[in-house]
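We did not get these values from a lab; they are worked out from the coordinates using the rules stated. Bear in mind the structure is a predicted one, so any value in this text is a computation, not a measurement. Note that we place each Cβ from the backbone using ideal geometry, even for glycine, and neighbour counts take in every protein chain shown.
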């Protein structure tokens, strides 16, 4: 993962700018700007709505004495999705929307849980109780 981070940090903004310029050619500058603002506002509202649902689910699990592990991963997906929707650009918006939709969020949730499990089994990720 660390070796791919510089590549991602260089390519992602280039792709975002390219996408904005491409959509700007199709729709015009002001329409593209308005679309980016509209998507950011809708994304923020959707992230708040989905975040409240996950928080309520986590409270319910804790009230029954369960550890809200999946709710925590769900909440992280919603947080990242909301942040990606606020960032100007269409590529980040697509990924952000996928992280906010409950059906597609389950796919990301499964990938994250498998990654955490693999890291714990290899000894790279240690849970400590304080």
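To test your reading of the geometry: what angle, between 0 and 90 degrees and rounded to tens, separates the Cα axis of helix 102-122 from the longest principal axis of the chain?
Compared with the principal axis, the helix lies near 50 degrees.
Based on C-alpha coordinates, I'd like the Rg and Dmax of region 75-116, in Å.
10.1, 30
Note the full-extension length gain between residue 86 and residue 57 as 0.36 nm times their separation in residues minus their Cα-Cα distance, in nm to one decimal.
Computed gain between residue 86 and residue 57 is 8.0 nm.
For 32, 104, what's the fewest-to-most ordering of other Cβ within 10 Å of each Cβ?
Fewest-to-most Cβ neighbours within 10 Å comes out as 104, 32.
Kindly express, to the nearest 10 degrees and within the range 0 to 90, the angle between helix 90-100's C-alpha long axis and the longest C-alpha principal axis of the chain.
It works out to around 30 degrees.
Note down the nm distance, to one decimal, between modelled labels 7 Å out along Cα→Cβ at residue 42 and at residue 121.
4.0 nm
In what sequence, highest mean first, do 7-13, 39-45 appear when ranked by Cβ atoms within 10 angstrom?
Output ranking for 7-13, 39-45: 39-45, 7-13.
Specify the angular offset, from 0 to 90 degrees and rounded to the nearest 10, of the alpha carbon long axis of helix 29-63 from the longest principal axis of the alpha carbons in the chain.
The answer is roughly 10 degrees.
Apply the Debye scattering formula to region 5-122, with a single equal point scatterer on each alpha-carbon and no solvent, then give log10 I(q)/I(0) at q = 0.09, 0.17, 0.19 Å⁻¹.
So the normalised log intensities work out to -0.32, -0.90, -1.03.
Which of the peptides 76-86, 93-103, 50-60 is most tightly packed, and how do the rest follow, judged by the mean count of other Cβ atoms within 10 Å per residue? Numbers along the way, then the final one.
Numbers: 76-86: 20.1, 93-103: 17.7, 50-60: 15.5.
Taking the mean over residues of other Cβ atoms within 10 Å, the ranking is 76-86, 93-103, 50-60.
Assuming R0 = 30 Å, can you tell me the calculated FRET efficiency for the pair residue 107 and residue 9, based on Cβ-Cβ distance, to the nearest 0.05?
0.80
Kindly provide the helix-only [θ] at 222 nm of the chain, computed as the sum of -39,500 (n - 2.57) over DSSP H runs of four or more divided by all residues, to the nearest 500 deg cm²/dmol?
Working: 5 runs with 108 residues, N = 130.
Result for the chain, helices only: -29000 deg cm²/dmol.
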